[in-house]
Amino acid sequence: MFWQEDVQKEFFSVPETVVDVSFHIDCRTLPVDHAYALSAAIRRALPWFGDEPGDGLHLIHVADSGNGWERPSHAFALLHLSRRTRLVLRLARDRVENARALSGQTLDVAGNTMVVGEAKVVPLSPVATLYARYIVVPAGQDEEQFIADAVQQMRAMGVQFKRVLAGKPHYFDTPGGPIHVRSLMVADLSPPDAVTLQERGLGPHRSLGCGLFIAHKSINKVNTE
């Protein structure tokens with residue numbers, strides 16, 4: 001008889017230098033393009049938010065927004081939120097206690113009321129496939145150059161990967177003018193590299209929801225979408 005056990009993979013403990021802070025919310029609707037309005041509302045409640053480049057806001061998506069991969073075409077249309085919808089901030093661990101001051105506050109987001117409830121700290125995920133819904137790009141940049149720039153930035157971090165997939169371009173409206181963005185999927189990451197990419201992100205405007213990577217189950221599912 002020949003019997004060979006599977007090689008035991010090295011255990012990886014996710015550091016909590018950077019975490020997500022997930023808040024229960026009571027909010028019925030938000031405009032599709034709520035990046036600036038929501039960020040501004042949070043900053044009114046937490047004046048320090050956005051002072052550090054790593055202070056991040058995960059924009060809110062619901063089932064009818066294409067799982068976040070394609071933004072609905074009508075920016076002023078309303079998203080109808082469920083009770084399971086959460087408001088999530090990505091922050092350095094030492095900012096978490098300050099962020100808890102958001103609990104109990106009522107935010108005005110472009111005329112929509114959001115009551116913020118209790119907070120829960122969620123560690124970053126060491127999964128092999130990540131995507132960012134919104135990465136800032138120069139207006140008019142084509143997909144090939146976008147991918148080349150993203151690959152260069154990730155390699156500069158020392159992050160190793162095997163597959164990269166770009167999404168369609170779109171933009172956010174802000175008082176300072178439109179911010180042009182694309183989505184990006186990165187696959188076949190090691191656990192340490194996956195955490196590094198979430199901690200570091202890509203590009204500016206984290207407090208407006210840009211440059212933040214989140215876990216995704218499979219790159220194949222995105223291809224079908």
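None of the figures in this text is laboratory data; all of them are computed from the coordinates on show. Bear in mind the structure is a predicted one, so any value in this text is a computation, not a measurement. FYI the Cβ positions are ideal-geometry reconstructions off the backbone, even for glycines, and counts take in every protein chain you see.
Name the residues whose placed amide hydrogens come within less than 5 Å of the amide hydrogen of Val109, ignoring near sequence neighbours (fewer than 5 apart) on the same chain.
Long-range HN contacts for Val109: Met114.
Which of Ser39, Ser103 has the fewest other C-beta atoms within 10 Å, and how do the rest follow up to the most? Don't jump to the answer; show the numbers that get you there.
Values: Ser39 22, Ser103 14.
Least to most surrounded, the residues fall as Ser103, Ser39.
Given springs between every Cα pair under 10 Å in a Gaussian network model of the chain, which of Leu46, Leu130, Leu87 has the largest fluctuation?
Per the Cα network of the chain with a 10 Å cutoff, Leu46 tops the list.
Using mean Cβ contacts within 10 Å as the protection proxy, how do 137-146, 120-129 order, highest first?
120-129, 137-146
Using Cα pairs closer than 8 Å and at least 6 residues apart in sequence, work out the relative contact order for the chain, in percent.
Numbers: 432 pairs, mean separation 62.4, N = 225.
Relative contact order for the chain comes out at 28 percent.
Run the helix sum for the chain: -39,500 (n - 2.57) per DSSP H stretch of 4+ residues, divided by residue count, reported at 222 nm to the nearest 500 deg cm²/dmol.
Working: 5 runs with 45 residues, N = 225.
Theoretical 222 nm ellipticity from helices: -5500 deg cm²/dmol.
Of (i) 1.03; (ii) 1.16; (iii) 0.99, which is the value of Rg/Rh (Cα atoms, Kirkwood Rh) derived from the coordinates here?
Matching entry in (i) 1.03; (ii) 1.16; (iii) 0.99: (iii).
Work out from phi, with θ = phi - 60° and the Karplus expression 6.51 cos²θ - 1.76 cosθ + 1.60, the ³J(HN,Hα) of each residue of the range 153-162, listed in order in whole Hz, and give x for Gly and Pro.
Values per residue, Gly and Pro as x: 5, 5, 5, 5, 7, x, 7, 10, 7, 10 Hz.
³J(HN,Hα) across the range 38-49 via Karplus (A = 6.51, B = -1.76, C = 1.60, θ = phi - 60°), whole Hz, x for Gly/Pro?
Coupling constants for the range 38-49: 6, 4, 5, 5, 5, 5, 5, 7, 10, x, 7, 5 Hz.
Taking the chain as a Gaussian network, Cα atoms linked when under 10 Å apart, which of Thr29, Thr17, Thr106 shows the biggest mean-square fluctuation?
Between Thr29, Thr17, Thr106, it is Thr17 that shows the largest mean-square fluctuation.
Ranked from highest to lowest mean number of other Cβ atoms within 10 Å per residue, what is the order of the peptides 169-179, 201-211? Can you show the working numbers first?
Working: 169-179: 14.6, 201-211: 21.6.
Going by the mean number of other Cβ atoms within 10 Å, highest first, we get 201-211, 169-179.
Could you work out the relative contact order of the range 130-224? I mean the mean sequence separation of Cα pairs under 8 Å and 6+ apart, divided by the number of residues, in percent. Walk me through the intermediate numbers first.
Numbers: 143 pairs, mean separation 38.4, N = 95.
Computed value for the range 130-224: 40 percent relative contact order.
Output wanted: per-residue J couplings in Hz (rounded whole) for the range 21-37, from phi through Karplus 6.51 cos²θ - 1.76 cosθ + 1.60, θ = phi - 60°, x for Gly and Pro.
Those phi angles translate into 10, 9, 10, 5, 9, 10, 8, 7, 9, 9, x, 4, 8, 10, 4, 5, 5 Hz.
What number of lysine-lysine pairs in the chain show an alpha-carbon separation below 27 angstrom, given a sequence spacing of 8 or more or placement on distinct chains?
On the way: Lys9/Lys162; Lys9/Lys217; Lys9/Lys221; Lys120/Lys217; Lys162/Lys217; Lys162/Lys221; Lys168/Lys217; Lys168/Lys221.
Taking the Cα cut-off of 27 Å, the pair count is 8.
For a quick check: with amide H placed at 1.01 Å from N, whose amide H comes under 5 Å from Gly117's, ignoring anything fewer than 5 positions away on the same chain?
His24, Ile25, Asp26, Gly104
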